[in-house]
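These notes concern the structure reproduced below.
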Amino acid sequence: MNKNDDLRLRDSDTPPTDEILEQTLGGAYAAYVAFQKAVSDLRIEQVWQWYTPHKAWFARGQFSRQTPKGAGKEKTLYWLHVFDGHFNVAVWFKEKNRAEALKADVGAKTKRLITDAETMGKVPTFPVVFEVHTTEPLTDICKLIECKKRIEP
């Protein structure tokens, strides 16, 4: 079975609400709330979008900054996908930044995720994917998001 078959939030006419997320995530909802607080503290805005190829709602964590010429620019820092009982956070890096990502102050398990992540795409990138059931991985996720924010402006 394809992992995308397990995605939730499949009704394009019903954007995710706290009530829907709480029902879908169950015990992982507390981790979701804690993650929302953490990314808000990092000045990251989370935006829900319907993605037709996957036929599901995904959340994009974006950071807005001013360019040297004064224009506004948004940078996607992570993608969030909802499943029954958990959510995934994927932080994508350019392959050329793998060594820099490995220097982030994260645990051995996260460093292994970075090392083992497969490169894909025309512009070589790799995802570091966290499956979140509890608040345990949130510190490393936030450290990796901060790393991406710093090295891929």
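List, in the order given, every pair from LYS37/LYS103; LYS69/LYS109; LYS37/LYS122 whose Cα-Cα distance in the structure shown is over 31 Å.
LYS69/LYS109; LYS37/LYS122, as the Cα separations exceed 31 Å there.
How long are the three semi-axes of the equivalent ellipsoid of the stretch 10-63, in whole Å, if each is the root of 5 times an eigenvalue of the C-alpha gyration tensor, listed from largest down?
Output for the stretch 10-63: semi-axes of 20, 16, 8 Å.
Hey, got the dipole for the stretch 3-151? About the Cα centre, +1 on K and R Cβ, -1 on D and E Cβ, debye to the nearest 20?
Dipole size: approximately 1020 debye.
So what's the angle, to the nearest 10 degrees on a 0 to 90 scale, between helix 29-41 and the longest Cα principal axis of the chain?
Tilt of helix 29-41: around 40 degrees.
Find which of ALA31, GLN46, PHE93 sits farthest along the positive direction of the dipole of the chain, computed with +1 on the beta-carbon of Lys and Arg, -1 on that of Asp and Glu, about the Cα centre.
Checked the options; the winner is PHE93.
Please compute, for the alpha-carbon atoms of the chain, the extent along each of the three principal axes and give them in descending order in Å.
Principal-axis extents of the Cα atoms in the chain, largest first: 40, 39, 32 Å.
Give, in nm to one decimal, the length gained when the segment between ARG112 and THR139 is fully stretched (0.36 nm per residue of separation minus the Cα-Cα distance).
My answer for the length gained is 8.1 nm.
Would you kindly derive the ³J(HN,Hα) couplings of the stretch 124-130 from the backbone phi angles with the Karplus curve 6.51 cos²θ - 1.76 cosθ + 1.60 (θ = phi - 60°), listing them in order in whole Hz, with x for Gly and Pro?
Once rounded to whole Hz, the list reads x, 9, 9, x, 9, 10, 10.
With θ set to phi - 60°, apply the Karplus curve 6.51 cos²θ - 1.76 cosθ + 1.60 along the stretch 51-63 and write out the HN-Hα couplings as whole Hz, x wherever there is a Gly or Pro.
These are the phi-based 3J(HN,Hα) values: 10, 4, x, 9, 6, 7, 7, 10, 9, 10, x, 10, 10 Hz.
Quick note: the coordinates plus some simple rules give every number you see, no bench work behind them. Every value quoted in this text rests on a predicted model; they were computed, and no experiment measured them. Please note: Cβ atoms are built from the backbone with ideal geometry, for glycine as well, and neighbour counts cover all protein chains shown.
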